[in-house]
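Working notes, structure below.
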Amino acid sequence: MAVVSTATAAANPTHQHVTVNRPNPVSVGTIVWLASELMFFAALFAMYFTVRQTMPAEEWALQADKLNITFSTINTIVLVLSSFTCQWAVFKAEQFKPSRSGKLYQFWTWGMHEWLTMTYVMGAFFIGGQIFEYAELVGHGLTISSSAYGSVFYLTTGFHGLHVLGGLIAFLFVLGRSFAAKRFGHHEATTTIVTSYYWHFVDVVWIALFAVIYLLQ
């Protein structure tokens, strides 16, 4: 019986080693962390709707009318488009193409560096636009301490702005690591991919915030 088992094992060597495809631990860790961030923003949304429910409708509408919806829409479009440029950077990272192969104006030849730099510029534009909007609102008397509406507005949008700023810092880290590497490989590509997870998450959260704060009011 033992001889038969040995012969069978010898005749089927492919069954002696089982290959297990494990998910990338960096990607899994990033997704788990983003899930905790989702709970954080869920708490901010809960705070926003609670204050809206308890605050007099007339006073709420008076404060909400101070928002510049047109400017915020343009700022939002820029941030949303940055998700596309970020994803193009991921595509180039997966192809192990860190730099462009043509002229700078030939964007179809861009590599990960160029697409990620474009994403950084668009994210910085969003932050600059948010600072400009804050200055304009303060000039109209809407501050974090002026009313309950001001408190929830600055807390929700401000914390999101800090997350965008964190994403910009992460982009600098990714670019720096790529330039410092002697050879662009899997580690650099993985760093680009997990950073894109964070950036897409930040964009989706802002779409929800924009819809609630600026459109629904």
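Throughout, read-outs are computed from the coordinates displayed, never taken from laboratory work. Keep in mind that what you see is a predicted model, and the values were worked out from it rather than measured. Positions of Cβ are generated from backbone atoms using ideal geometry, with glycine treated the same way; all protein chains shown enter the neighbour counts.
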(request) Please turn the phi angles of region 158-166 into ³J(HN,Hα) values with the Karplus equation 6.51 cos²θ - 1.76 cosθ + 1.60 (θ = phi - 60°), one per residue in order, whole Hz, x for glycine and proline. (result) x, 5, 5, x, 5, 5, 5, 4, x
(message) Quick one: 3J(HN,Hα) in Hz for region 186-195, Karplus 6.51/-1.76/1.60 with θ = phi - 60°, rounded, Gly and Pro as x.
(response) 5, 5, 5, 5, 4, 4, 5, 5, 5, 5
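If the chain between Val80 and Ile207 were fully stretched, how many nm would it gain, using 0.36 nm times the residue separation less the Cα-Cα distance?
Full extension from Val80 to Ile207 adds 44.9 nm.
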(request) For mean projected area of the Cα convex hull in nm², several values are listed as (i) 11.6; (ii) 13.3; (iii) 19.1; flag the one computed from this structure. (result) (iii)
(message) I need the trypsin sites (Lys or Arg not before Pro) found in region 34-120, filtered to DSSP loop residues with at most 13 other beta carbons within 10 Å of theirs.
(response) Lys103
(message) Applying a 10 Å radius around every beta-carbon, put 178-185, 205-212, 119-126 in order of their mean neighbour count, most first.
(response) 119-126, 205-212, 178-185
(message) In whole Hz and in residue order, list the ³J(HN,Hα) couplings for region 108-125 that follow from phi through the Karplus curve 6.51 cos²θ - 1.76 cosθ + 1.60, θ = phi - 60°; x for Gly and Pro.
(response) 6, 9, 5, x, 4, 4, 5, 5, 6, 5, 4, 4, 4, 4, 5, x, 5, 4
(request) Give the long-range amide H neighbours of Arg100: residues separated by 5 or more places, or on another chain, with amide H under 5 Å away, using H modelled in the peptide plane at 1.01 Å from N. (result) Gly111, Glu114
(message) For a quick check, take a GNM of the chain with Cα springs below 10 Å and name the residue from Leu168, Leu44, Leu104 with the largest mean-square fluctuation.
(response) Leu104
(request) Mind checking which aspartates and glutamates have their Cα closer than 12 Å to the Cα of Lys97? Skip sequence neighbours fewer than 8 apart in that chain. (result) Glu114, Glu188
(request) Sort region 153-217 into rounded, prolate or oblate with this rule: let a ≥ b ≥ c be the square roots of the eigenvalues of the Cα gyration tensor; rounded if a/c is under 1.5, and if a/c is not under 1.5, prolate when a/b is larger than b/c, oblate otherwise. (result) prolate
